[in-house]
C-alpha cells in the first residue's frame, strides 16, 4: 500500500513538472498570431547592441509587449513566447522556467484592495 501511495505521488509530481515547462512551438504560434512585429522589425532581436541581456529582461520585455498590444496572454503563454524568442534569437544559457524568470509573475503582492486605492506616499 505504501509503495502505491509513493508511486502515485511521484506520478503526480512528474505530470506537474511536465505541464510547467514552456512550449517554444506554442510561443512561435502566439508570436506570429500577435502583432509583435507591428512595433519593431525582426532586427530588434538580431542587432549587435541588443537591450535584452538576460532571460529576466526578455521576460520583462515580452510582458511589456503583451500589455501594449493587449494580447492578454496568461503567464504560461508569456513563458512560451519567451522560450521561443530565446531559442530562436537570444540563446541564453538559462533555461526558461517559472523559477528562472519571475516566480511571482502576475502577482501584485498587495494585501488588500486598500493598497490599490491609496496614492503613493512621497
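Tabulated values for the structure
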item	result
Burial ordering of 76, 49, fewest other beta-carbon atoms within 10 Å first	49, 76
Exposure proxy order (Cβ contacts within 10 Å, fewest to most) of 47, 28	47, 28
Packing-based exposure ordering (other Cβ within 10 Å, fewest first) of 33, 59	33, 59
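Read the figures in this text as sums done on the coordinates, not as results from a lab. Quick caveat, the model's predicted, so the values are computed rather than measured. Here Cβ is always computed from backbone atoms with ideal geometry, including for glycine, and neighbour counts include all displayed protein chains.
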